[in-house]
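Notes follow the structure.
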Amino acid sequence: MLLPGIVWQPKGSFEVWNIMENDFPRNGSSEEKMTFLLNYAILAPSIYNTQPWRFNVSDGSIMVMADESRWLEAADGNKREMYLAIGGAIENLIIAADHFGFSSTVSYFPDPTLLKSDLSESYDIVARVSFQPGAFPSMDSRLFYAITLGEMNASRIVNESLNEQKGMNRDLDKLVEAIGGLKTDQDISIILSDDPKTRKGILSLTEAADRSLYSDITFKSELGHWLSLGGMGPTGFHAKVDQIKVLFLDSLPGQIKMDTEVINSSPYLGFIASSKNDRESQVRAGRLLGRISLLSSSYGSSLVSMGRALQSEETESGAVGLRVEVDGDANGSIVQQIFCLRSSGSTSELTPRRPLEEVLV
């Protein structure tokens, strides 16, 4: 049974979420309203579309938890990508709450006793998001509408639904300026570069990481498994074919070619870095990454995560050195993500999401 506010609409070979804003239960209970907001949280991107989150709604707050059954041991050995993704889900949640008139506060890694003992024993509590109703929206409404546009280049749709946005300048330099104006945590930083030397360095690291990862049968088996589940695009028979290709054919040349095209066609390359490498820093970095991605979409551009260079132990240290070289500052030298900013959004369809009932506990 689907929760209010959700419509399943076929898109090509699989289905995606459409959220009906007008279905927000304004006269419903606090729990019903908070549950509705989670429809936006689950649209956050994640590595291989693993969606590694769980949520518990109670007492005016939402507990956000890590679902380690969806952790990628080979591709994400230190769980960095998992916590980045959870940070993105938290950011979506806060932006949606603001849009519907809630202010929110986030407590990272709170006391596990705040959750029922059977749940705290099963899940790592990443954050407690508390809500206070009656606030006026304070964020740019484009960020909210960009959540449901996800991987699609939908600035046109945004502008059609918001008359005041019709004259919005979509120039990439304006986006870069907007990113530079984002408020960041003291320990989290954004570094953007259009320097050819930086591009060459990221290309080299990414290719080296591709070669290392695709020579690892454990990595290929894990990738094949997630391809077979259909969360990354094709489903059914076609998903199984993709799995077989990864396992038994040489996928490396195609991956290198695709990564090279993305990096070379992106006017700006970026790093999100932190001064610490603890879980909270990773979640905070994920929140910032999510906000930059939504901002990019609202400007008719797109953000493509290129974190593969951080997935290989052989290249991770090289990424740190490259970041320091770009910024000239060793502070915040822990690279949490590498990304590309492209001047036009992707035309791909939204990837499917697990039903909300499946991630509620």
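Every number here is computed from the coordinates shown, using simple stated rules; none is lab data. Worth saying up front: this structure is predicted, and the values here are computed from it rather than measured. Glycine also receives a Cβ, built like all others from the backbone with ideal geometry; neighbour counts cover every protein chain displayed.
Couplings 3J(HN,Hα) for the range 36-49, derived from phi with the Karplus relation 6.51 cos²θ - 1.76 cosθ + 1.60 (θ = phi - 60°), are 4, 4, 5, 4, 8, 4, 6, 8, 5, x, 7, 4, 6, 6 Hz, where x marks Gly and Pro. With R₀ set to 41 Å, the beta-carbon distance separating A135 from H238 gives a calculated FRET efficiency near 0.35. Here the peptides 178-187, 35-44, 68-77, 220-229 are ranked by packing, the mean other Cβ count within 10 Å, and the order with the highest first is 35-44, 220-229, 68-77, 178-187. Going through the range 231-301, which trypsin sites (Lys or Arg not before Pro) have at most 15 other Cβ atoms within 10 Å and a DSSP loop state? For trypsin sites (Lys or Arg not before Pro) across the range 231-301 that sit outside H, G, I, E and B with at most 15 neighbouring Cβ atoms in 10 Å, the list reads K276.
The amide H of A127, built 1.01 Å from its N in the peptide plane, has V64, F109 as neighbours under 5 Å, considering only residues 5 or more places off or on other chains. When the convex hull of its Cα atoms is viewed from all sides, the range 234-330 shows a mean projected area of 8.8 nm².
Residue by residue, the range 204-217 carries 3J(HN,Hα) couplings of 5, 5, 5, 5, 4, 5, 4, 5, 5, 5, 6, 8, 9, 5 Hz when phi is fed to the Karplus relation 6.51 cos²θ - 1.76 cosθ + 1.60 (θ = phi - 60°); x denotes Gly or Pro. Residue by residue, the range 253-259 carries 3J(HN,Hα) couplings of x, x, 5, 4, 4, 5, 5 Hz when phi is fed to the Karplus relation 6.51 cos²θ - 1.76 cosθ + 1.60 (θ = phi - 60°); x denotes Gly or Pro.
Charge dipole (Cα centre; +1 on Lys/Arg Cβ, -1 on Asp/Glu Cβ; no other charges) of the range 168-294 amounts to roughly 180 debye.
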